[in-house]
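Derivation of every value follows stated rules applied to the coordinates shown; laboratory data play no part. Values in this document were obtained by computation on a predicted structure and should not be read as measured data. Cβ: placed from backbone, ideal geometry, glycine included. Neighbour counts: every protein chain shown.
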Amino acid sequence: MQVHRKFPVAAAIAAVVPLALGSGPAGASNPRSAGDRAAAVALDWQRQAVTSIYVTAAKSPPSGSLYLAFTSQAVYQAARKAMTHRASPAAAVASAAHDVLTTYFPAQASTLDAKLVESLDAIADGAAEERGAAIGAAAAHNMIASRSGDGRDDPTIVYNKPAGIGVWQPAPGGAMADAWLGFVDPLVATTVPLDGPDPVTSPAYAADFNEVRAFGASQIAPEQAATANFFAFNPVRMYRESLLEHLDQEPMGLLPTTRLFARLDTATADGFIQAWRLKFDVGFWRPGPGIAAAAIDGNPATEPLPGWAAVLAVPAYSDYVSGHAQATSTFAEVLRLTFGDDLTLTLNRPGASRTYTSLSTLEHAALNSRIWGGLHFRDAMEDGYALGHAVADQVVTAIR
């Protein structure tokens, strides 16, 4: 078939002719089935987004979440408009996802172009397809324009807190990873006050210190080490792929599906922005340096443990607040508000899989995994969950 996307974005935007609301998509005798088919296309492009962002471009989980959010917001807006403008919703969502991804990852243009051809080949040629493609292009254009100058990848932002008790420091010669992320403009304005890490001299800090001190690489139980290692995988990708599998088995239709991803990805991205600002501004040390300096930390309830080492590789950013906790809790809360807590999901990572029969049990396992892995004090995990739940609640309210 002829590919109806070989025209500039500006022309695509101009080609969108507003029609009466409620007119329904043209060219389909069964609007519900058209929406269901488009939902499958939307899921297909969600998988492509994961591949483009996390596999091919190899973005970090936090920075990659921004591009998932840009894609999902554009797709949702395209789906909403296509369903009320006599347009092919499948063409709209495919074009929106394609245009966002090719803009931010131009090196993948040939792969993404071929993917778009595949999507459009399944749609009947005609005016409805043209309108859908134009609506998708316009949604992508608007999303991209709205993020111009949003602070991504700003090289002038450098973490440089002076060394001291309780202060995280990069490895010699290193730097804080994605230091700029906490200064990026949020997609939705959310407010989540947190009380910060417990003071190093406090009993609460000592309790968290002694908990994680007991889980060093040389003394941790095998089942706890296994859980720590299982969750030591890109949480955004692992959780998202489990959701995609669930939606393959229990489809929801186009608008609920695209709204779900817009909410999920926006909440995750905005949660990461807030988490990284706290990591930058607070800069609280991780358990390893804390255990090594326990003899001089001013807390009589802490003691060093020579040779202590974390089970997991330690990332290049501070303890507070946990980004993994934020990613887990935003995912769980958005899904909880959509499906309820009793949702069974199977998480897969290379070489292992685990099934959780509720979102609460998944959260519980993920929280403990970061303590058992030696990466976080419990306070950073619990506050990360508070952050994620609150951001998710506010974003779900904002995106209707």
| note | In deg cm²/dmol, rounded to the nearest 500, the helical mean residue ellipticity at 222 nm of the chain, built from -39500 (n - 2.57) for every DSSP H run of length 4 or more, is -18000 deg cm²/dmol
| Positive-end extreme of charge dipole, region 254-400 - chosen from P315, T258, W372 (charges on Cβ) | T258
| message | For semi-axes √(5λ) of the Cα gyration tensor in Å, pick the label among (1) 33, 24, 20; (2) 43, 21, 17; (3) 37, 24, 19 that corresponds to the value derived from the coordinates. | response | (2)
| request: For N348 and R400, compute 0.36 nm times the residue count separating them, minus their Cα-Cα distance, and round to one decimal in nm. | output: 15.7 nm
| query | For D125 and A214 in one chain, what is 0.36 nm times their gap in residues minus the Cα-Cα distance, to one decimal in nm? | reply | 25.6 nm
| said: Based on alpha-carbon centroids, what's the gap between region 122-174 and region 199-264 in Å, whole number please? | reply: 23
| message | For a Förster distance of 41 Å, can you work out the FRET efficiency between the beta-carbons of D153 and A301, rounded to the nearest 0.05? | response | 0.45
| task | Have a look at A140, A49, A109 and tell me which one the Gaussian network model of the chain (Cα, springs below 10 Å) gives the largest fluctuation. | result | A109
| request: Quick one: how many lysine pairs does the chain have with C-alpha atoms less than 28 Å apart and a gap of 8 or more or different chains? Give me the count, please. | output: 7
| Stretch gain in nm, segment T191-A145, where the contour uses 0.36 nm per residue and the Cα spacing is subtracted | 14.1 nm
| message | Rounding to the nearest 10 and keeping the result within 0 to 90°, find how far the Cα-based axis of helix 31-50 lies from the longest principal axis of the chain. | response | 40
